[in-house]
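Since the structure comes first, as structure tokens, the remarks are kept for the end.
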């Protein structure tokens, strides 16, 4: 066993922790929901609630890669609609997270994402190109995104549903998501530090050691995304979101 900042790892554990960094790095530059696979891996390594505090700094470091490469494509008008309600959702998620079982929450979210994807796919088949413009739509997505990101780092699927509904081109999709998650993840830090006590100096130092793996994942993710045609990227996101929903249900 190897001890790193008070955490004991065997060789397999270190390998899995490195894989987490690569998956998160890939997810933040457009390989949407690749990071969903990292959530159960971290839970196995560190336990459910503790893993959320270890995950958050990893997400933030990876968010900076996404912003670095796609910041100029972000759509500020959508961020203005989403972020205020997302803050409300984060506060609600902090409260709800103390009183709901993680597995039950993941099951509910998996069903919701599948139903939403089903409606979206049906609209695609009908050729419906209408974009929802109601303020309640963005507000509700923001609240649900805030709750899901606080409880289980599951907001990637919720945000994908919104951006798919907005019918954004590939680069705008990635850039808007990158800024959204950077802002809300930074918002969550004080709650993890002072309310849940899941982020400490030890967990932060542990996270720093896989920064090179996050960078590697971002590099690999960029190569994948650049090779996906604009139209095909939309279907790629739909498939990846469906895979993420399956992971939630398992």
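The values are calculated or read from the model by the stated rules, or taken from the named source; none is laboratory data. The structure presented is a predicted model; accordingly, all values stated were derived computationally and were not measured. Note that each Cβ is placed from the backbone with ideal geometry, even for glycine, and that neighbours are counted across all protein chains shown.
Quick notes on this one:
- Scanning the stretch 33-53 for residues that are over 27 Å from residue 226 (Cα atoms), out of contact with any strand residue (DSSP E or B) (no Cβ under 9 Å at 6 or more places or on another chain) and crowded, with 20+ Cβ neighbours inside 10 Å returns 42, 51, 52, 53.
- Close Cβ contacts (under 7 Å, 6 or more residues apart or on different chains) running from residues in the stretch 15-38 that are on the phi > 0 side of the Ramachandran plot to residues that are modelled with pLDDT of 90 or more and surrounded by 24 or more Cβ atoms within 10 Å (Cβ to Cβ) comprise 30/174; 30/221; 33/27.
- Residue in the stretch 167-188 that is surrounded by fewer than 22 Cβ atoms within 10 Å (Cβ to Cβ) and over 18 Å from residue 74 (Cβ atoms) present: no
- Test for residue 206: is it in contact with a strand residue (DSSP E or B) (Cβ under 8 Å, 6 or more places away or on another chain), buried (at least 17 other Cβ atoms within 10 Å of the Cβ) and part of a helix (DSSP H, G or I): yes
- In the stretch 36-141, counting only helices (runs of 4 or more DSSP H) that sit wholly within it, the ones holding 3 or more residues that are touching a helix residue (DSSP H, G or I) at 6+ places or on another chain (Cβ under 9 Å), at pLDDT 80 or above and closer than 15 Å to residue 153 by Cα span 38-46, 48-70, 76-96.
- Flag for residue 6 being surrounded by fewer than 16 Cβ atoms within 10 Å (Cβ to Cβ) and touching a residue at least 40 places away in the same chain (Cβ under 8 Å): yes
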